[in-house]
Amino acid sequence: MKRKLMIIGAGREQVPAINNARELGYETVVTDINPHAPGFAYADYAEVVSTADFDGNLKVARHYQIDGVMTLGSEVAVPIVAKIARILDLPGMSEETAFKATNKNAMREAFKAFGVPSPASEPVKTLNEAEHFANQFGYPLVIKPSNSSGQRGVEKVIDWPSLCRCFDEAIKYSTDGFAILETFYEGPEINVTAAVVAGQVTILSLSNRITAASPHFGIAVEHVFPPDISERQAREVEAASVLAIRAIGLENGIAYPQVVVGENGPRVIEIAARIPGGFMREVGMYRSGIDMIDVAIQLAMGCSFSLNDLVKIDPISALSVLFMTELDYPITSRPVSDIAGIENAANSPGILSVDINAEIGRMLPSLNSSAARFGAILAKGADRNEARKNSRRALSEISIKFVDA
């Protein structure tokens, strides 16, 4: 009888995990609130249950007598996976680690205890508390929900009126009624991916996280490796990332620290203990040759393995992941009538893949979170400049037309 792996979430980003698990010889039990979720078509067993529904997912896990449980790209499912693993005595991170990895205020407390370099911050529940922090540290500041992802409710505030305006939005996206207010730290943003196996941390990739300008603060519009930092700065980023991983207590799993490199060295902004979305899995794989999905699957199933055994592809020199957003096609008020040039883009020099989610008859989303990115072009090159040139050349081949007003 085949062993069963439960994967919480069946969206587009979960499909590779479902396929990889089956290729590795496991049966897949998959849950998602969307009965038409694309991953259901590839799963051995599919159940319509929300990724946020602990009781529902536990019931499914018990019914199918699963041997392992995991998620990817879903922040809300991380604590649920940890709790199911504990109750059913399956491999997985502790609930304490899951909490520290998903609640930004708890995360920062852990950072302080371990001496992880990070911006000054404070949990805030009222505007009076926010005002006190602002008076102490001055502007600019960054406010964000304590436990949300995808850049929802995250804003840079430059004065008291903007803090008042953004405060309620941050609270709205938090499930515990708290926001986190932190000092703004200037510098290039670096995404880090790492595999943690039996406490041993292996850095898979460092990449620049290039974000949109205001009013789309913090939303990544491109990932690029190698990052545009010095070798010394890269070593400092790696060291800070390892310390952050230790701080949240992650012994086995995938880690995704986000770091800003400023004039006073690196500052860890946050860390996730899951496979990140936004094509970061591809960034890690093209940089290291290792598919972090395979790492997560083997850890969830309690297997002994060497990372060297999981190398799938030859690493490449440079990569650009260029996202398609309303900034490229600034019409979000009329439905799409035609999308052309995808084949030409895919056949452009250096292109690895072209992924477009826009649909004819539907409007393009406004860029208010990472979920509003409706496509991505992955391009390689001999160096970062060539990779970026290749992704932009491919983007120029794609035209989107809209229904006449």
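With all distinct Cα pairs included, what does the Kirkwood hydrodynamic radius of region 165-257 come out to in Å, to one decimal, could you say?
When all Cα pairs of region 165-257 are included, the Kirkwood radius is 15.3 Å.
Run the numbers for ALA41 and GLN200: contour at 0.36 nm per residue of separation, minus the present Cα-Cα distance, in nm.
53.7 nm
Take the Cα radius of gyration of region 1-158 and divide it by 2.2 N^0.38 Å, with N its residue count; two decimals is plenty.
Normalised by 2.2 N^0.38 Å, the Cα Rg of region 1-158 equals 1.26.
So if I take the centroid of the Cα atoms in region 132-177 and the same for region 1-71, what is the distance between those two points in Å?
Comparing the Cα centres of region 132-177 and region 1-71, I get a distance of 35 Å.
What is the Cα radius of gyration of region 246-405 over 2.2 N^0.38 Å, N being its residue count?
The reported ratio for this selection is 1.23.
Quote the Stokes-Einstein diffusion coefficient, in whole µm² s⁻¹, for region 120-183, based on the Kirkwood radius over alpha carbon pairs, a temperature of 10 °C and a viscosity of 1.306 mPa s.
Calculated translational D: 143 µm²/s.
Any idea what the alpha-carbon Rg over 2.2 N^0.38 Å comes to for region 4-90?
0.93
What number comes out for the charge environment of ALA296, summing +1 per Lys or Arg and -1 per Asp or Glu over other residues with Cβ under 11 Å away?
0
Give me the distance in nm between label points sitting 7 Å out from Cα along the Cα-to-Cβ direction at SER94 and LEU327, one decimal.
Distance between label points: 4.0 nm.
Enumerate the lysines that LYS59 could reach by cross-link, defined here as Cα to Cα under 22 Å, with residues fewer than 8 away along the same chain left out.
Reachable lysines: LYS2, LYS4, LYS83.
Out of every Cα-Cα pair in the chain, what percent are more than 31 Å apart?
39 percent
Computed FRET efficiency, Cβ-Cβ of MET1 and ARG246, R0 30 Å: what is it to the nearest 0.05?
0.20
Between ARG165, ARG152, ARG281, find the one with the highest GNM mean-square fluctuation for the chain; connect C-alpha pairs within less than 10 Å.
ARG165
Test of understanding: what is the full-extension gain from PHE217 to ARG22, defined as 0.36 nm times their sequence separation minus their Cα-Cα distance?
So the extension gain works out to 66.3 nm.
Net charge near LYS59: determine it from the other residues with C-beta under 10 Å of the C-beta of LYS59, scoring Lys and Arg +1 and Asp and Glu -1.
-2
Using a 10 Å Cβ count of at most 16 others and DSSP loop calls, identify the longest part of the chain lacking such GluC sites (Glu not before Pro).
1-185
Above 14 Å lies some portion of the pair distances; for region 215-295, what is it as a whole percent of all C-alpha pairs?
The calculated P(r) of region 215-295 puts 69 percent of pairs beyond 14 Å.
Here, each number is a calculation from the coordinates, and none is a lab measurement. Just so it is clear, the structure is predicted and the values come from calculations on it, not from any experiment. Using ideal geometry, Cβ is built from the backbone for each residue, glycine included, and neighbour counts are taken over all protein chains shown.
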